[in-house]
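See structure below.
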Amino acid sequence: MHSIEIERMGSGDCMVVCVHGIWSDHLTFRPMLDLFGSDPTLRDWDLAWFDYDFNQQMAESGRRLADEIDRISETCKRIVIIAHSMGGLVARFAILDRPLPRVNRLIMLGTPNCGAIRSAGLSWLAQAVAHVAGNVYGLFTRRTGIRDLTRVTQLFRAYHNKWEHANHVEYITIPGKFYHRDRSILDPPALNRFTTIEVATEFVSAMQPLFRVGLERPHDGIVEESSNRLAPSEEGSRWSEKKAIINFPERRSGQGYAHITSEVCADLTHVELHTAPEIISIVARLIVASDFQQFRQQLRPHELSDVKISPDVDGRW
């Protein structure tokens, strides 16, 4: 626990580090690592993973990941982090914790960058319920990391003066889009660990005329696309360390940010993203691509209309 373990040794110059999500460990990346192991383009890459305790504070998990990256950096020239769900938040905390010059790309799969349970549009009563429930749940289970998911933006804002640590790191988000505002929570594969949260918020919403509250259902269990993507970056609930490059692309002074979707994303929840062969194929090409232009050139003819990259060529979202 709390160490980067090598899955397969390549040349030692470049490394992929996989960071798992909540209620998970490195075994969740088995399908991805198996396909990476047979991919000739990744022959020279070391494949590794980082396990952490998702019950502890995410910032602490990030600090320990940064410690481990420091430890291996002397022998590795380039590191790409692939993070699933909560793992993306842990990786962001690691990047903000200190300068990590060897890390040049962070690929986040279904990461709740804008929080798991959002308070947008809630009345004072709903906000109080969410706040009390989150704190009671966190204290009762002693799972501080889980409680952190309800206050993601607040936690990252505390690092606002360290945004330059992420300036050289390219951020990429890829969402699961199965759930959307009109999707029923009873539609398969909705029955997962977070269905209880879904049903509870649906119940409160149904009681809106009585309680005058309006909870937004946390789609995809806890992660919807609007929470995964970092753009637009706003002062309210959508602050991120990539705010400057997102809002002012014409002033580009560092590595940027892109949101990538594929047709297959529409049929995947965030818990399935990292095991889908189509997504793994996209991720493999993102690892080795020098930039987005080269990534586009690697797309197969049938993928050109399926894979979308934001911003577009004119820098518009």
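Worth pointing out:
- Whichever residue in the range 276-291 is more than 17 Å from Val103 (Cα to Cα) and not charged (D, E, K, R) and, among such residues, is surrounded by the fewest Cβ atoms within 10 Å (Cβ to Cβ): Pro277
- Listing of helices (runs of 4 or more DSSP H) fully contained in the range 140-207 that carry 2 or more residues being out of contact with any Cys (no Cβ under 6 Å at 6 or more places or on another chain) and modelled with pLDDT of 65 or more: 144-148, 152-157
- Any chance Val90 is under 28 Å from Thr261 (Cα atoms), touching a Ser or Thr at 6+ places or on another chain (Cβ under 6 Å) and at pLDDT 95 or above: yes
- Filter result for Leu65 (crowded, with 22+ Cβ neighbours inside 10 Å and either over 20 Å from Cys14 (Cα atoms) or at pLDDT below 95 (or both)): no
- The single condition among (1) crowded, with 19+ Cβ neighbours inside 10 Å; (2) under 26 Å from Asp306 (Cβ atoms); (3) of a type outside the set (Gly, Ala, Ser); (4) modelled with pLDDT of 75 or more that Glu263 does not meet is (1).
- The residue list Ala83, Ala59 contains one member that is outside any helix (DSSP H, G or I) and small (Gly, Ala, Ser), which is Ala83.
- Checked against the criteria, Ser240 does not count as in a loop (DSSP other than H, G, I, E, B) and without any contact (Cβ under 8 Å) to a residue 24 or more places away in the chain.
The values are calculated or read from the model by the stated rules, or taken from the named source; none is laboratory data. For clarity, every value in this text was computed on a predicted model and none was experimentally measured. Cβ coordinates were reconstructed from backbone atoms using ideal geometry, including for glycine residues, and neighbour counts include every protein chain displayed.
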